[in-house]
Amino acid sequence: MALVIGITGVSGSGKSRLCSLLAEGQGDKITVLCQDSFYNGCGSIDPDVYNFDDLSSLDLESITLAIHNCKNRQQPNEIPVYDHSQHKRTGYRNLEPTHVVLVEGHMMFQDPGIRDAVDFLLYVDTDMDIAIVRRLKRDIAERGRDVNEVTSRYMRHVRQASLKTIDIRSKRISLFQTTKASPTRQAYCVIT
């Protein structure tokens, strides 16, 4: 069985970066499973009004199955490939089994079944103003959005999702919260 560690925090808190740093140089020992792969897509709804930051925008059944398959090192374990610029899935990729699986996302852990599927849940505690700036930069650079679109979406949807994510800290006693001082070193101690 693989060790499955959930990593959560508000959007822009540094979850993806932390996972990348932890997995770097580990080869086939660590796999990263990202919530972003499991968006349903907005279909015929205008993406400018669709709430991608609501739990219903995720394929929770597929996330749960993927975590189960990772934990039990089962194959095949097909993970969707989601394109943020097109707002849809563009294919699938196979996730190879590893000894440690990092499951990262800012809203999927609102679901009790997904929280219960991980062995540990880490919360990356980042000030909201820092997280907002990070998200703004990422969405402009990587997802082709402009400042008005990012700030409008933040005010309509992301802020509320962030508040729900912050509430997760009180729903489950986690191993620890990473801090601003050295989240990478703290988390690395868990998996080595």
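So, GLY113, is that one among the small types (Gly, Ala, Ser), touching a residue at least 40 places away in the same chain (Cβ under 8 Å) and surrounded by 20 or more Cβ atoms within 10 Å (Cβ to Cβ) or not?
In short, no.
Among the listed residues VAL81, VAL32, VAL118, VAL101, identify the single one that is of a type outside the set (D, E, K, R), in contact (Cβ under 8 Å) with a residue 40 or more places away in the chain, closer than 25 Å to GLU142 by Cβ and out of contact with any Ser or Thr (no Cβ under 6 Å at 6 or more places or on another chain).
So the residue among VAL81, VAL32, VAL118, VAL101 that is of a type outside the set (D, E, K, R), in contact (Cβ under 8 Å) with a residue 40 or more places away in the chain, closer than 25 Å to GLU142 by Cβ and out of contact with any Ser or Thr (no Cβ under 6 Å at 6 or more places or on another chain) is VAL32.
If you go through region 144-154 one residue at a time, do you hit one that is among the polar types (S, T, N, Q) and open to solvent by 70 Å² or more (accessible area, probe 1.4 Å)?
Looking for residues that are among the polar types (S, T, N, Q) and open to solvent by 70 Å² or more (accessible area, probe 1.4 Å), one finds at least one in region 144-154, hence yes.
What is the one condition in (1) in contact with a helix residue (DSSP H, G or I) (Cβ under 7 Å, 6 or more places away or on another chain); (2) open to solvent by less than 60 Å² (accessible area, probe 1.4 Å) that LYS164 does not satisfy?
The one condition LYS164 does not meet is (2).
For region 6-42, which positions are among the aliphatic types (A, V, I, L, M) and either open to solvent by 10 Å² or more (accessible area, probe 1.4 Å) or not in a loop (DSSP other than H, G, I, E, B) (or both)?
ILE7, LEU18, LEU21, LEU22, ALA23, ILE30, VAL32, LEU33
The values are calculated or read from the model by the stated rules, or taken from the named source; none is laboratory data. Keep in mind that what you see is a predicted model, and the values were worked out from it rather than measured. Note: ideal-geometry Cβ built from the backbone for every residue, glycine included; neighbour counts use all protein chains shown. All accessible areas refer to the heavy atoms of the entire protein, side chains included, with ligands and DNA or RNA removed. Shrake-Rupley method; radii C 1.70, N 1.55, O 1.52, S 1.80 Å.
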